[in-house]
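For reference, the structure discussed in these notes is given below.
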Amino acid sequence: MLKSKHLLGIKDLSADEINLILDTASGFKDVISRDIKKVPTLRGRTVVNLFYEPSTRTRTSFELASKRLSTDVVNFSVPTSSVVKGETLIDTALTVQALGADFIVIRHSSSGVPHLLASKVDASVINAGDGTNEHPTQALLDAFTMREKKGSIEGLNVAIVGDIAHSRVAKSNIYCLKKLGAKVRLIGPPTLVPDVIKQLGVDTYYDMNAGLKGVDVVMMLRIQLERQGVGLFPSKDEYFKHWGLTTERLALANDDAIVMHPGPMNRGVEITSSVADGERSVILEQVTNGIAVRMAVIYLLEGARQEAKQ
Ligand code: CP
């Protein structure tokens, strides 16, 4: 059982809770591999996807996860909503709740928005990415994929490479992997690997070739071009030259190392197509696993919601 009816960040979860989500997701992965991919478990519940930032994978897989659990699901379209007339975030969330939402899946450019919503609504709030803070379901599907490929996360050497400073994916993964006993190292330019992050118990490397040696998992991050200030790295070409993952560089990692990327990818900037589409890439499997993991999250939060009502 999860302690909270909200999923706001991995920081708040215990290792037992993370393992419960991953184990539950394994069962749901079996379900969605069948011919009939649906279970009636959450019939009568309503999930609203409230995305203030663009998304392909997260929004679509929350929609599919909800449908596979037989909930009603509404994809709220911010650009065609009364948000453009100035309706506030809280009024929008309260309106969505008044329309019957049991779960609000929120993505927003400001860190902390899911936490604010959770203090204002009775519905369960699920963080689908808040600013540069956390993206918990991405880390959970990444952990699920690593566990599937490597058997266990404990003792794995995981390199997270690239734009750590702007990455909510990196932060959620660091929390998740450390709680599950992995060794985490961060690789990237000094301007994108902030010193303060070392407090989370990770090693840092500015040299990609040195950092890749001995790793079991190479997790590449998207250079968040939309969030860059000026001068954090000289140019995309220069970035690729020093921190882009090529077939030659991948050879420095362990022979059976897998390559991950949360997507969307900047091909030719942080990763070459030969690696992204190569045999060690599990990037599309991450996407597929997102459905089972998000089913598990919604299902377990429903249990916590019911418990909170008693
Ligand atoms: N990984 C991820 O969050 O992708 P989207 O932005 O497409 O949802």
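The values are calculated or read from the model by the stated rules, or taken from the named source; none is laboratory data. Everything numeric in this text was worked out from a predicted model, so none of it was measured. Cβ atoms come from the backbone with ideal geometry, glycine included; neighbour counts cover every protein chain shown. The area values use the complete protein model at the heavy-atom level, side chains included, leaving out ligands, DNA and RNA. Shrake-Rupley method; radii C 1.70, N 1.55, O 1.52, S 1.80 Å.
Determine the sum of side-chain charges near residue 241: Lys and Arg each +1, Asp and Glu each -1, restricted to other residues whose C-beta is under 14 angstrom from that of residue 241. Charge balance in the 14 Å sphere: -3.
By how many degrees, between 0 and 90 and to the nearest 10, does the Cα long axis of helix 283-309 differ from the longest principal axis of the chain? Approximately 40 degrees, to the nearest ten. Residues in the chain average 42 Å² of solvent-accessible surface per residue, probe 1.4 Å, ligands and nucleic acids excluded.
Taking a ≥ b ≥ c as the square roots of the eigenvalues of the alpha-carbon gyration tensor, the stretch 115-175 is classed oblate because a/c is 1.5 or more while a/b is no larger than b/c. Between residue 110 and residue 195, the contour length at 0.36 nm per residue exceeds the alpha carbon distance by 28.4 nm.
When the chain is treated as a GNM with alpha-carbon contacts under 10 Å, the residue of 155, 244, 131 showing the greatest mean-square fluctuation is 155. Ignoring lysines fewer than eight residues from residue 120 along the same chain, the ones with Cα atoms less than 16 angstrom from its Cα are 5.
To put it simply, the accessible area of the chain at a 1.4 Å probe is 51 percent carbon and sulfur. With both labels modelled 7 Å from their Cα along Cα-to-Cβ, the residue 34 to residue 11 distance reads 4.0 nm. The residue among 44, 251, 201 whose Cα reaches farthest toward the positive pole of the charge dipole of the chain, with charges on the beta-carbon of Lys, Arg, Asp and Glu, is 44. Residue pairs exceeding 25 angstrom between C-alpha atoms, taken from 149/183; 3/150; 213/241; 149/171; 171/236: 3/150.
The largest-to-smallest principal axis extents of the Cα set in the stretch 261-310 are 54, 19, 10 Å. Counting pairs of alpha carbon atoms under 8 Å apart in space and at least six apart in sequence, what relative contact order in percent does the chain give? Value for the chain: 21 percent. Computed 3J(HN,Hα) for the stretch 9-15, one whole-Hz value per residue from the Karplus formula 6.51 cos²θ - 1.76 cosθ + 1.60 where θ = phi - 60°, is x, 6, 3, 7, 8, 8, 4, glycine and proline marked x. Over the residues of the chain, the helix contribution to mean residue ellipticity at 222 nm works out to -12000 deg cm²/dmol, using -39500 (n - 2.57) for each DSSP H run of at least 4.
For a modelled paramagnetic label at residue 308, 7 Å from Cα along Cα-to-Cβ, the residues of the stretch 37-51 in reach, with backbone nitrogen under 20 Å, are 42-51.
Per-residue extension of 0.36 nm, minus the Cα-Cα distance of residue 246 and residue 4, leaves a gain of 82.9 nm for this segment.
Classify the stretch 170-275: rounded, prolate or oblate, from the alpha-carbon gyration tensor (a ≥ b ≥ c, eigenvalue square roots; a/c under 1.5 rounded; otherwise prolate if a/b is larger than b/c)? Oblate, because a/c is 1.5 or more while a/b does not exceed b/c. Take every pair of alpha-carbon atoms less than 8 Å apart whose residues are at least six positions apart; their mean separation over the length of the stretch 136-282 yields a relative contact order of 24 percent.
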